[in-house]
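Chemist: Sharing a structure below in structure tokens format, with a few things to ask.
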Amino acid sequence: MEGWSSFATARNSVLSVLFAFLSYTGPGMFKSFVTLRTRNAWVHALGYHAIAPHTLLDSPMVARVFRLN
């Protein structure tokens, strides 16, 4: 799952899985539709991997680890 997921209780586990599912399902379905419709692999690369929820959260961490700030 994600770094923010909490599995300490059953309630936290369900909420973490539900939030991850809702965060990735919409962008993934849109990315798949547009990629198949345009037959362009760049749509996949830029539309999902550049703007996906995990990218927005992981980018500051990568910058901090590699001292890019």
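Chemist: Of these, SER5, SER13, SER23, which one is surrounded by 13 or more Cβ atoms within 10 Å (Cβ to Cβ), at pLDDT 85 or above, closer than 27 Å to MET61 by Cα and not acidic (Asp, Glu)?
Modeler: SER13
Chemist: Further, regarding this structure: Between a residue in the stretch 1-13 that is closer than 18 Å to TYR24 by Cα and any residue that is of a type outside the set (Ser, Thr, Tyr) and modelled with pLDDT under 70, which pairs come within a Cβ distance under 8 Å, given they are 6 or more apart or on different chains?
Modeler: These pairs meet every condition: GLU2/HIS54.
The values are calculated or read from the model by the stated rules, or taken from the named source; none is laboratory data. All values reported here derive from a predicted model rather than from experimental measurement. Quick reminder, even Gly has a Cβ in these numbers, built from the backbone with ideal geometry, and neighbours come from all protein chains shown.
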